[in-house]
Each structure stands twice: as structure tokens, then as C-alpha cells.
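For reference, the structure is listed below as C-alpha cells.
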Amino acid sequence: AAGAAFRAVRVASPPAATGSSPLRDLAAGWTEFASRPWVWIVVLQFMIVNAVWSGGVKVLGPAVADETIGRGLWGVVLSAETLGAVVGGLLAARWQPRRALLFGVSLTAMDALPLLTLGYAPTVPFLLPAMFLTGLALEQFGVAWEVSLQQNIPPEKLARVYSYDALGSFIALPIGETAAGPLAAMVGTRPALAGGAVLVAAACLTAISVPGVRTLTRH
């Protein structure tokens with residue numbers, strides 16, 4: 001469906017840049033990315049959040065489910081995150097705060113909730129709302145992030161900034177997935193999940209301490 005939608009998009013081809021090359025384009029994109037602290041600090045935040053989430057929920061989560069609620073109910077719990085994302089998207093379509101980035105970044109602290117629930121109350125009545133609220137919060141952040149980038153990055157540089165955003169945000173996923181098992185074996189599953197929750201909260205607090213994140217406003 002997404003591919004079909006993109007095929008229907010028609011845009012004018014920009015004139016070829018004089019002296020352009022992949023290395024120059026990479027350098028120009030890095031300059032644009034690095035010159036805005038509110039951009040790269042949020043990307044750093046999500047390096048941590050994504051690593052912890054991939055390791056804690058995707059790797060340790062099924063192991064905890066095997067010992068508690070079972071894989072079938074674990075699938076139901078995961079679906080609650082998707083439902084939360086749908087509700088979050090509908091809410092974002094109707095309302096966004098003026099300081100959307102601050103609002104969205106603050107909500108990412110909600111990622112700590114499923115980790116703590118898996119560690120200390122791994123039951124369906126607690127896991128379902130934890131995952132639902134996380135999905136809702138992440139969708140709110142996603143909309144705020146996209147709006148912030150598109151309103152504040154020059155259109156001709158936007159794709160390059162997106163490239164560094166994607167690289168920084170997702171490069172830590174395999175690290176989190178690889179480290180989760182050995183870490184849990186070394187310190188225990190509950191301490192590993194609790195430590196991940198602390199890292200998520202610390203990354204969120206660090207991001208909102210940056211003036212650019214706190215003061216950026218939606219046009």
C-alpha cells in the first residue's frame with residue numbers, strides 16, 4: 001500500500017547541483033545534522049531507547065512470557081502496543097501542542113513502563129495498559145519529530161538529515177538484541193530490565209535538558 005501511494009506522488013525534478021558528489025552530499029548532510037543540537041541529541045536518545053527496547057522487550061520479553069503468561073498471551077500484549085499507536089496517531093491528527101518536540105520527547109519516558117512491568121509484575125492486567133500507553137506515546141513522539149524536522153530543516157537538506165537520523169536511531173538495535181541475553185544471564189533478568197528502564201529515563205531527561213528541545217515550537 002505504501003509503495004502504491006508513493007508511486008502516485010508527482011514532484012518536479014530539482015536541477016542538478018554543480019560539483020555535487022556523494023561525499024560532498026554526505027558532508028553537507030552531516031553539517032546540517034550536527035549544526036542543530038536538538039536534532040542530534042534526540043537521535044542519541046533513541047540510540048539508547050531503541051537498544052534497550054529491542055533487548056528488553058523483543059529478547060527478554062518472550063523469555064519472561066514463557067515463565068509467566070505464555071507466548072499466546074504475549075502476542076496479545078504486543079498487539080496492545082499497536083492499538084496504542086493507532087490511538088496516538090488519531091490524537092496527533094486532531095491536536096498537537098505548540099512545543100510538540102518537548103511533548104513528544106517527554107512521552108518517550110513511557111518506554112520504561114513495559115520494562116518495569118516485565119520485571120516486577122508480568123501479568124496481563126499490568127502488561128496490556130503498559131504496552132498500550134507506550135504505543136500511544138511513541139506515536140505522539142513520531143508525529144512531533146516528523147513535524148519538527150519538516151518545519152525546521154531546509155527542504156533540500158531534509159533527506160540527508162533523515163539519513164543520519166535513521167542511521168543513528170537504528171544502529172543500536174542489533175547491539176541491544178545481542179547484549180540483552182548475556183547481560184540478563186550475568187546480572188539476572190529483573191535487574192537487567194530495571195537497568196534498561198533507568199537508561200530510558202536518563203536518556204529522556206538528558207534530551208529535555210537541551211534548550212533547543214525545550215524551546216522549539218511548532219509553526
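The values are calculated or read from the model by the stated rules, or taken from the named source; none is laboratory data. Everything numeric in this text was worked out from a predicted model, so none of it was measured. Reconstructed Cβ throughout: ideal geometry from the backbone, glycine too, with neighbour counts over all protein chains shown. Protein only, heavy atoms only, side chains kept; ligands, DNA and RNA dropped before computing areas. Shrake-Rupley method; radii C 1.70, N 1.55, O 1.52, S 1.80 Å.
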Six or more apart or on different chains, Cβ under 8 Å: which pairs go from a residue in the stretch 144-169 that's without any contact (Cβ under 8 Å) to a residue 40 or more places away in the chain and within 21 Å of LEU102 (Cα to Cα) to one that's assigned to a helix (DSSP H, G or I) and open to solvent by 70 Å² or more (accessible area, probe 1.4 Å)? Could you list them? LEU158/GLN150
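Would you be able to tell me the number of residues in the stretch 169-181 that are open to solvent by 60 Å² or more (accessible area, probe 1.4 Å) and assigned to a helix (DSSP H, G or I)? It would help to see each step written out before you state the result.
Initially, the stretch 169-181 is screened for residues open to solvent by 60 Å² or more (accessible area, probe 1.4 Å), giving 170-171, 174-175, 177-178.
Next cut, assigned to a helix (DSSP H, G or I) only: 170, 174-175, 177-178.
Result for the stretch 169-181: 5.
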Contacts under 8 angstrom Cβ, first residue in the stretch 110-123 being within 10 Å of LEU193 (Cβ to Cβ), partner open to solvent by 20 Å² or more (accessible area, probe 1.4 Å) and assigned to a loop (DSSP other than H, G, I, E, B), 6 or more apart: PRO122/THR68; PRO122/ILE69
Single unsatisfied condition, GLY195 versus (1) in contact (Cβ under 8 Å) with a residue 60 or more places away in the chain; (2) surrounded by 15 or more Cβ atoms within 10 Å (Cβ to Cβ): (1)
Failed item, numbered, when ASN152 is tested on (1) of a type in the set (S, T, N, Q); (2) over 20 Å from VAL105 (Cβ atoms); (3) surrounded by 15 or more Cβ atoms within 10 Å (Cβ to Cβ): (2)
Given the condition at pLDDT below 95, outside any helix (DSSP H, G or I) and among the charged types (D, E, K, R), answer yes or no: does some residue in the stretch 97-108 qualify? yes
Among the residues listed as ALA166, ALA207, ALA184, ALA194, the single one being part of a helix (DSSP H, G or I), under 25 Å from GLY89 (Cβ atoms) and modelled with pLDDT of 95 or more: ALA207
